[in-house]
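Engineer: Right, I'll just put the structure down here and ask away after.
The values are calculated or read from the model by the stated rules, or taken from the named source; none is laboratory data. Remember, predicted model here, so these are calculated numbers, not experimental data. We place every Cβ from the backbone using ideal geometry, glycine too, and count neighbours over all the protein chains shown.
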Amino acid sequence: MTQEPRVTDVSGASSRRGFGRRAVLRGAALGAASPLIPATAATAATAPAGDSGRGRGPDAAAVAFRWLGTAGWRIDVDGRTVLFDPYLTRFPTGLFGDGFDPRTPLRSRPEVVDAHTGRPELVLVSHSHWDHLADVPHIARTTGARVVGTETTCHLLVALGVDAGQISVVKGGEVLDFGGIVVEVVPSLHSRNKKCSYFAPGTLNAPPAAVPATIADLPEGDTLAFRVTARAGGPSAFLMGASDFSERAVRGLRPDLAMIAVPSSTATHRYVPRLLRALDHPRVAVPVHWDNFEVPLSGSPERDPAMDLDAFVAQVEAASPTTRVVVPDYDTVYDGDMRPVAR
């Protein structure tokens, strides 16, 4: 039997603050997770020869993408590492069973996180829910990486021991050049369930009164998306942390790759066709945030029963026939065309 990884409280504190029980608002009833066959070569609707070819060429091979599960990505460009929403600890909250507990203590498993994240110099955070932020304090404190996120993200990270000087607060609209890796910050929206609601909304305009200790202590704090361009003329990737968006904000981005969060409901009107049209039909669409993120990041991903991955793929094929769909796997490295280069 494998030794249980060491677990540390994200804040370093052992106390817990009491919170009233909240029902998590999901788009479908949760049931037993079903395994997905590894998808290293899984593609659909291969682009024809007349495809626009955005981002193709020698630079595609100089960029590596690794899916970190949930919405997370590791992007390596010429030996430099950028992380997006890195959540690797994947601790249980009851979300994928019948006993979701918003009082679940925050925690981070350093050895699990470090095995996947390397030495990043940049961490992009879409919003502050636990399945996007919980491991960021450890990463920031141990690597010195710069974190880019909202004001709420900044206040939470400072409360969790991150140096404020490492954090760049953004609102959306900024175009930041990190020495050749260009990050365009896009104002975005959090996804909604069937009741047009979601767990832990709210923003912070000052540090919290107490160190965050439970998942309920991490409000959404507004949501961002990012367009990351690797090197001059290199491939660009649109990164989402939640399955909603501002149509006007994403127009004109024209990314080569679109890492699109799979929705759990139909609350967002014509989500897939509107998004693909606004992005000008990206060359590759990569569904994310469809996996059970409370099981270890090993083996084949298990589907979140609330997410209809097959329906999502079908919608992409119908709305954008020239877009190739790549369903990612945990243990595969992809190049800038999202083609597997290693196992």
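Engineer: Could you identify the single residue in R141, R74, R90 that is farther than 14 Å from V228 by Cβ and not in a helix (DSSP H, G or I)? Spell out how you get there, then give the answer.
Structural biologist: Numbers: R141 fails: not in a helix (DSSP H, G or I); R74 fails: farther than 14 Å from V228 by Cβ.
Checking each option against the conditions leaves just R90.
Engineer: A further question on this structure: Taking only pairs six or more apart or across chains, which ones have beta-carbon atoms under 8 Å, a first residue in the stretch 181-199 that is among the polar types (S, T, N, Q), and a second residue that is assigned to a strand (DSSP E or B) and buried (at least 18 other Cβ atoms within 10 Å of the Cβ)?
Structural biologist: Pairs that qualify, where the first residue is among the polar types (S, T, N, Q) and the partner is assigned to a strand (DSSP E or B) and buried (at least 18 other Cβ atoms within 10 Å of the Cβ), are S188/T223; S188/L224; S188/A225; S188/D244; S191/D244; S191/A261.
Engineer: Give the stretch 284-317 a look and list any residue that's small (G, A, S) and either buried (at least 22 other Cβ atoms within 10 Å of the Cβ) or without any contact (Cβ under 8 Å) to a residue 24 or more places away in the chain (or both), or say none.
Structural biologist: So in the stretch 284-317, the residues small (G, A, S) come out as 285, 298-300, 306, 311, 314.
Hits for the stretch 284-317 are A285, A311, A314.
Engineer: Residues of the stretch 303-327 being part of a strand (DSSP E or B) and within 19 Å of S243 (Cα to Cα), which ones?
Structural biologist: Quick first cut of the stretch 303-327, residues part of a strand (DSSP E or B) only: 303, 324-326.
Of everything in the stretch 303-327, those that are part of a strand (DSSP E or B) and within 19 Å of S243 (Cα to Cα) turn out to be R303, V325, V326.
Engineer: Follow-up question, since we're still on this one. Say whether the condition of being over 20 Å from L239 (Cβ atoms) and free of Cβ contacts under 8 Å to residues at least 12 places away in the same chain is met by at least one residue in the stretch 100-110.
Structural biologist: If we filter the stretch 100-110 for residues that are over 20 Å from L239 (Cβ atoms), which is where we start, we get 100-110.
In the following step, the residues that additionally are free of Cβ contacts under 8 Å to residues at least 12 places away in the same chain were identified as none.
No.
Engineer: Another question, then. If I filter the stretch 237-253 down to residues being out of contact with any strand residue (DSSP E or B) (no Cβ under 8 Å at 6 or more places or on another chain) and under 30 Å from A62 (Cα atoms), which single residue comes out as surrounded by the fewest Cβ atoms within 10 Å (Cβ to Cβ)? Explain how you work it out, then say what you get.
Structural biologist: First, the residues of the stretch 237-253 that are out of contact with any strand residue (DSSP E or B) (no Cβ under 8 Å at 6 or more places or on another chain): 247-248, 251-252.
Then keep just the ones that are under 30 Å from A62 (Cα atoms); that gives 251-252.
Working: R251: 12, G252: 9.
By that ranking, first place goes to G252.
Engineer: Something else now. Might you let me know whether the stretch 267-279 holds any residue that is basic (K, R), in a loop (DSSP other than H, G, I, E, B) and touching a residue at least 40 places away in the same chain (Cβ under 8 Å)? Walk me through how you get there before you give the answer.
Structural biologist: Of the residues in the stretch 267-279, the ones basic (K, R) are 270, 274, 277.
Pick out the ones that are also in a loop (DSSP other than H, G, I, E, B) and you get 270.
If we keep only those that are touching a residue at least 40 places away in the same chain (Cβ under 8 Å) too, we end up with none.
No, because not a single residue in the stretch 267-279 is basic (K, R), in a loop (DSSP other than H, G, I, E, B) and touching a residue at least 40 places away in the same chain (Cβ under 8 Å).
Engineer: Of the residues G173, G165, which is part of a helix (DSSP H, G or I), exposed (fewer than 14 other Cβ atoms within 10 Å of the Cβ), modelled with pLDDT of 95 or more and not polar (S, T, N, Q)?
Structural biologist: G165
Engineer: May I pose another question? Residue check: is D131 within 24 Å of T93 (Cβ to Cβ) and either of a type outside the set (S, T, Y) or at pLDDT 95 or above (or both)?
Structural biologist: Values: within 24 Å of T93 (Cβ to Cβ): yes; either of a type outside the set (S, T, Y) or at pLDDT 95 or above (or both): yes.
It is true that D131 is within 24 Å of T93 (Cβ to Cβ) and either of a type outside the set (S, T, Y) or at pLDDT 95 or above (or both).
Engineer: Could you tell me whether F65 is touching a residue at least 12 places away in the same chain (Cβ under 8 Å) and either within 11 Å of the chain's Cα centre (by Cα) or surrounded by fewer than 24 Cβ atoms within 10 Å (Cβ to Cβ) (or both)?
Structural biologist: Answer is no for this residue.
Engineer: What number goes with the only condition from (1) at pLDDT 95 or above; (2) crowded, with 18+ Cβ neighbours inside 10 Å that G234 does not pass?
Structural biologist: (1)
Conditions (1) touching a strand residue (DSSP E or B) at 6+ places or on another chain (Cβ under 6 Å); (2) farther than 25 Å from A314 by Cβ; (3) modelled with pLDDT of 50 or more; (4) crowded, with 17+ Cβ neighbours inside 10 Å, marked per residue:
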position: G31; (1), (2), (3), (4): no, no, no, no
position: P48; (1), (2), (3), (4): no, no, no, no
position: P58; (1), (2), (3), (4): no, yes, no, no
position: A71; (1), (2), (3), (4): yes, no, yes, yes
position: D76; (1), (2), (3), (4): yes, yes, yes, yes
position: F84; (1), (2), (3), (4): yes, yes, yes, yes
position: T93; (1), (2), (3), (4): no, yes, yes, yes
position: F100; (1), (2), (3), (4): no, yes, yes, yes
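Engineer: Suppose the filter is in contact with a Phe, Trp or Tyr (Cβ under 6 Å, 6 or more places away or on another chain) and part of a strand (DSSP E or B); does A225 pass it?
Structural biologist: Criteria not met by A225.
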